[in-house]
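Here is the structure we will look at, set down as structure tokens.
The values are calculated or read from the model by the stated rules, or taken from the named source; none is laboratory data. What you see is a predicted model; the values in this text were computed from it and never measured. With ideal geometry, Cβ positions are generated from the backbone for all residues, glycine too; neighbour counts draw on all protein chains shown. Remember, those area values only see protein heavy atoms, side chains included, never the ligands or the DNA or RNA. Shrake-Rupley method; radii C 1.70, N 1.55, O 1.52, S 1.80 Å.
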Amino acid sequence: MATSDAKPLTVRCQCGNVSFPTPTAKPISLFHCHCTECQKQTGSAFGTSAIFTAEGLFPLAPDLAAKLRLYSRYSAEKGRSLDCYFCPECGSRMFHRIIDGDGTPRSTVSIKGGCIEGLDWSGAFHIFMRSAVMKIPAEWEQYEALPPWMNMDKAR
């Protein structure tokens with residue numbers, strides 16, 4: 001848990017057009033996702049998500065909202081959508097948030113790890129290894145899909 005004097009980290013896109021502080025000094029969770037959607041979104045082997053509380057970021061400040069663009073991806077299979085925010089200048093995905101089927105946004109936000117300056121990467125785990133395109137050392141924490149305690153289908 002973050003101490004009261006811990007300062008938020010800075011989130012910045014590749015070109016520097018979009019910049020904002022993380023809602024808290026440390027993420028709730030940090031993982032590398034090897035699912036095919038994250039592979040497509042990053043154009044890489046996996047995506048890194050730092051999960052923070054949405055409080056403090058949402059509702060978006062007007063000056064931040066004006067600098068971002070939104071791509072909303074609906075999944076009929078999951079019955080929900082994913083609001084994906086990115087910089088229109090350089091195209092960097094900054095963060096995304098799950099919106100449940102009834103329109104209720106989740107209480108957490110996934111900020112892209114590579115955009116967070118000074119992020120402590122220790123303790124990150126790997127998910128959706130069944131779709132991995134590279135080997136991960138066996139001693140690293142990893143799961144074929146989601147860990148049993150991480151249910152993405154239910155609102156938090």
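Using a simple spin-label model with pseudo-atoms 7 Å out from Cα toward Cβ, residue 135 and residue 44 lie 2.2 nm apart. Only aspartates and glutamates eight or more places from residue 78 in sequence, or on another chain, were considered; those with a Cα closer than 16 Å are 37, 100, 102, 153. Comparing 139, 117, 55 in a Gaussian network model of the chain (Cα springs below 10 Å), the most mobile by mean-square fluctuation is 139.
Rounded to the nearest 500, the helix-only mean residue ellipticity at 222 nm of the chain stands at -2000 deg cm²/dmol, with each DSSP H run of n ≥ 4 adding -39,500 (n - 2.57). Taking a straight line from the alpha carbon of residue 135, these lysines sit under 21 Å away, with near neighbours fewer than eight places off in the same chain left out: 40. Less than 5 angstrom separates the built amide H of residue 13 from those of 18, all sequence-distant by 5 or more or on a different chain.
Other residues lying with their Cβ under 12 Å from the Cβ of residue 88 contribute a combined charge of +2, Lys and Arg counting +1, Asp and Glu -1. Taking a ≥ b ≥ c as the square roots of the Cα gyration tensor eigenvalues, with a/c under 1.5 meaning rounded and otherwise prolate when a/b beats b/c, else oblate, which class fits region 53-93? Oblate shape, in that a/c is at least 1.5 and b/c is the bigger or equal ratio. When cysteine pairs in the chain are screened for C-beta atoms closer than 4.7 angstrom, the residues that find no partner are 35, 84, 115.
The residues of the chain expose, per residue, 57 Å² of accessible area to a 1.4 Å probe. Along its first, second and third principal axes, ordered by size, region 6-156 spans 44, 36, 29 Å in Cα coordinates.
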